[in-house]
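To start, the structure itself, in structure tokens.
What follows is calculated from the coordinates using simple rules that are stated; it is not laboratory data. For clarity, every value in this text was computed on a predicted model and none was experimentally measured. A quick note on method: Cβ atoms are made from the backbone with ideal geometry, for glycine too, and the neighbour counts reach across all protein chains shown.
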Amino acid sequence: MANHVPAASRLVTADELLRMPDDGLRRELLHGKVTVTPPAGEERVLAAEIIIRLGSHVRSRGLGRVYAAETGFRIGSNPDTVLAPDAAFVRQERIDGVGVGKGYRLGAPDLVVEVMSPSDSQPGMDAKVNRWLAAGCRMAVVVNPARRGAIVYRPDSEILLLSENDVLDGGDVVPGWRLPLRELFA
């Protein structure tokens, strides 16, 4: 007789995560363990605005592809890790090299944007950003609506704290993209 282990006490693969029912909750996989995030609140308007502005810039210049929160990125294997940022960007040359397939996109995006919700903690967000950067992400941005600011992380660089009076700049990751934070929080 087969030994069935409850899902909560065994490691889950990325393929198993992909087959889980869509019940409105965001699930991510951290070293084979499923984490569940409650449905998004009003702060998701900021994520949508970022996706619109980033997507418009990227599309008009043929820079690559912008992904929304429903997209998972498989950044680790054995055990699997799948994370889903609120917004992400992947350069066109990386898409051309691998194409667009089924399931989760392999590897980290070039840019991730996370919008903090009331249930997020700064230490938890820092840990997630560190996972992204360790997986090869070139720039991670954490937008904090409560503080009306953002934090920009890059590998081997100083952390950049931005207030609503500053402009978020895509630098060499998303050339030419600039987002005045005052407009985002308006």
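Restricting to Cα pairs below 8 Å that are 6+ residues apart, what does the relative contact order work out to for region 73-136? Please round to a whole percent.
Relative contact order, region 73-136: 39 percent.
Relative contact order of the chain, please, whole-number percent, based on alpha carbon pairs below 8 angstrom and at least 6 residues apart.
Answer for the chain is 16 percent.
Could you run the Karplus curve 6.51 cos²θ - 1.76 cosθ + 1.60 with θ = phi - 60° over region 67-75 and give me ³J(HN,Hα) per residue in whole Hz, x for Gly and Pro?
Couplings: 10, 9, 4, 6, 8, x, 10, 8, 10 Hz.
Within 10 Å of each residue's Cβ, count the other Cβ atoms and sort Lys102, Lys33, Lys128 from fewest upward.
Least crowded to most crowded, the residues run Lys102, Lys33, Lys128.
Going by how many other Cβ atoms sit within 10 Å of their own, how do Asp110, Asp172 line up, fewest first?
Starting with the residue having the fewest Cβ neighbours, the order is Asp172, Asp110.
To the nearest 20 debye, what is the magnitude of the charge dipole of region 40-185 about its Cα centre, counting +1 on the Cβ of each Lys and Arg and -1 on the Cβ of each Asp and Glu?
The calculated dipole for region 40-185 is roughly 400 debye.
Sorting Glu114, Glu43, Glu158 on the 10 Å Cβ count, fewest up front, what's the list?
Glu158, Glu43, Glu114
Between Gln122 and Val98, what is 0.36 nm times their sequence separation minus the Cα-Cα distance? Round to one decimal in nm.
Result: 5.3 nm gained on full extension.
Grab the DSSP H runs of the chain that are 4 residues or longer, score each as -39,500 (n - 2.57), total them, divide by all residues and round the 222 nm result to the nearest 500 deg cm²/dmol.
-7500 deg cm²/dmol
How many nm is it between the label spots at Thr37 and Ala68, if each spot is 7 Å from the Cα in line with the beta carbon?
It works out to 1.4 nm between the two label points.
How long is the chain along each principal axis, judged by its Cα atoms, biggest number first, in Å?
The principal-axis extents, from largest down, are 64, 38, 31 Å.
Which whole-number percentage describes the relative contact order of region 118-186, with Cα contacts under 8 Å and a sequence gap of 6 or more?
20
Just name one of Ala48, His31, Val113: the one whose Cα is farthest towards the positive end of the charge dipole of the chain (beta-carbon charges, Lys/Arg +1, Asp/Glu -1).
Farthest along the dipole direction, towards plus: His31.
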